[in-house]
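Accompanying notes for the structure given below.
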Amino acid sequence: MTHRFLISEPETNYASYSEFGTIESSFPLKRKNEKDCWEKNYLENYYDEVLNVTGCQRVNQRITQCLDPTVQRVHIPGCGSKPHLQRYLIENFPNLDKVICTDWSETALTLARRSFDHPKLVYQQADTSQLNPDDGPCDCVIVVNSILSASDILNRQMIRACHRVLKQGGLFIGLFPDVLCSVELSSISSELSELLDGTIDVGKNMVYERRQGMNQIFYTPLRLKQIFIEAGFEIKFDHIQRIAFDSPFFQGEYLRLYGLQDPDLCIWENIVEVKKS
Ligand SMILES: C[S@@+](CC[C@H](N)C(=O)[O-])C[C@H]1O[C@@H](n2cnc3c(N)ncnc32)[C@H](O)[C@@H]1O
């Protein structure tokens, strides 16, 4: 597999992906193992101190706007602890037969199951990069901010796995944070500049998430496009759009989480909508 525009050197050993070797000198703090880091975050604060974009119905509407109403099987890798999207899918897509929700954090899955369970939902522990269409390929894969490892290689493995589990003609929908949004916000907002100060490495698309204690890669659109091509998708630049989190729901969240009161500022991300050909 030829990697184009690789951010970090290819790791020879899969197990070493979580050693954040690539830009460790840039940021003050790092933890060795991302999976443990996620577990710790979920155990400590139930993910309540982090923006959860699917808490906004408008976002769920936007995410699913290209989804065929007859869709039967959806996979949500890295589903996390807040099952808003699952609930939205079950309520709005009556032909759904199965929604497979995977995450490598048992704690996240336990929290999600506890707040919303349904006969059509399957919660399973799985590393996204290892997914296989064991029990039948999916009509749609929906990724919401769950492919943002500090390891470029792991992210690429995850996107390849998403391609693997999709049936021919199946739809990939994904939300991806963009480092350029962090750059913008840190330069415009005094509240956020403090939070983001010294945490952004633009060239490597890397952001140090202070609250979560993790380095994360927030890809820029051209990089995303290359990575999707590499994974086997026939993606055009038009398949990558911008989604803005600017509803009243988010204004409340920005105030609660960041003390941010400016109604003209919002976080935006890239939304990828592409079919497996
Ligand atoms: C930022 S949270 C987003 C959670 C959820 N999608 C949401 O929107 O609230 C990222 C999630 O991805 C999961 N995750 C990250 N890398 C993963 C991997 N390689 N395999 C499985 N889950 C992963 C984390 O455990 C975490 O639950």
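Can you pull out the GluC sites (Glu not before Pro) in the range 192-277 that DSSP calls coil and that have at most 16 other Cβ atoms within 10 Å?
When the GluC sites (Glu not before Pro) of the range 192-277 are filtered for loop state and at most 16 Cβ neighbours within 10 Å, GLU234 remain.
Can you give the charge dipole size of the chain about its Cα centre, rounded to the nearest 20 debye, using +1 on the beta carbon of Lys and Arg and -1 on the beta carbon of Asp and Glu?
Value, rounded to 20: 720 debye.
Dipole size in debye (nearest 20) for the range 124-277 around its Cα centre, Lys and Arg Cβ +1, Asp and Glu Cβ -1?
580 debye
Can you tell me, using C-alpha contacts under 8 Å and at least 6 residues apart, the relative contact order of the chain as a whole percent?
Result for the chain is 20 percent.
Exposed loop trypsin sites (Lys or Arg not before Pro) only (DSSP loop, at most 12 other Cβ atoms within 10 Å): please give the longest stretch of the chain free of them, not including the sites.
33-235
Which whole-number percentage describes the relative contact order of the range 184-277, with Cα contacts under 8 Å and a sequence gap of 6 or more?
With pairs under 8 Å counted, the relative contact order is 24 percent.
Can you give me the distance in nm between label points at ARG242 and HIS118, each placed 7 Å from the Cα along the Cα-to-Cβ direction?
For ARG242 paired with HIS118, the spin-label model returns 3.3 nm.
Can you tell me how much longer the chain between GLN57 and THR70 gets when fully stretched, taken as 0.36 nm per residue apart minus their C-alpha distance, in nm with one decimal?
Gain on stretching GLN57 to THR70: 2.6 nm.
Give me the one-decimal nm value for the distance between modelled label points at ARG256 and SER187, 7 Å along each residue's Cα-to-Cβ direction.
3.1 nm
Note the direction-averaged projected area, equal to a quarter of the hull surface, for the Cα convex hull of the chain, in nm².
13.7 nm²
For the range 55-149, rounded, prolate or oblate, judged on the Cα gyration tensor with a ≥ b ≥ c (square roots of eigenvalues), a/c < 1.5 rounded, else prolate if a/b > b/c?
Here the range 55-149 falls in the rounded category.
Cut-off under 12 Å on the C-alpha distance; same-chain residues fewer than 8 positions from LYS40 excluded. Which aspartates and glutamates are left, in chain and number order?
List returned: GLU106.
Which of the aspartates and glutamates could be linked to LYS276 by a straight reach, that is with a Cα gap under 14 Å, when you skip same-chain ones fewer than 8 residues away?
ASP139, GLU230, GLU234
At 7 Å along the Cα-to-beta-carbon direction for both GLN125 and LYS98, put a label point, then send me their distance in nm to one decimal.
2.1 nm
Rounded to the nearest 5, what % of DSSP beta bridges with both residues in the chain are antiparallel?
50 percent
How large is the dipole of the range 187-233 about the Cα centre if only Lys and Arg carry +1 and Asp and Glu carry -1, each at its Cβ, rounded to the nearest 20 debye?
200 debye
Step through the residues of the range 99-104 one at a time and calculate ³J(HN,Hα) from phi using the Karplus curve (6.51 cos²θ - 1.76 cosθ + 1.60, θ = phi - 60°), rounding each to whole Hz and writing x for Gly and Pro.
In residue order, the calculated couplings are 10, 8, 10, 10, 7, 8 Hz.
Every number in this text was worked out from the coordinates using simple rules, so none of it is lab data. The structure displayed is predicted, hence computed values, not measured ones. Every residue, glycine among them, receives a Cβ derived from its backbone with ideal geometry; neighbour counts consider all protein chains shown.
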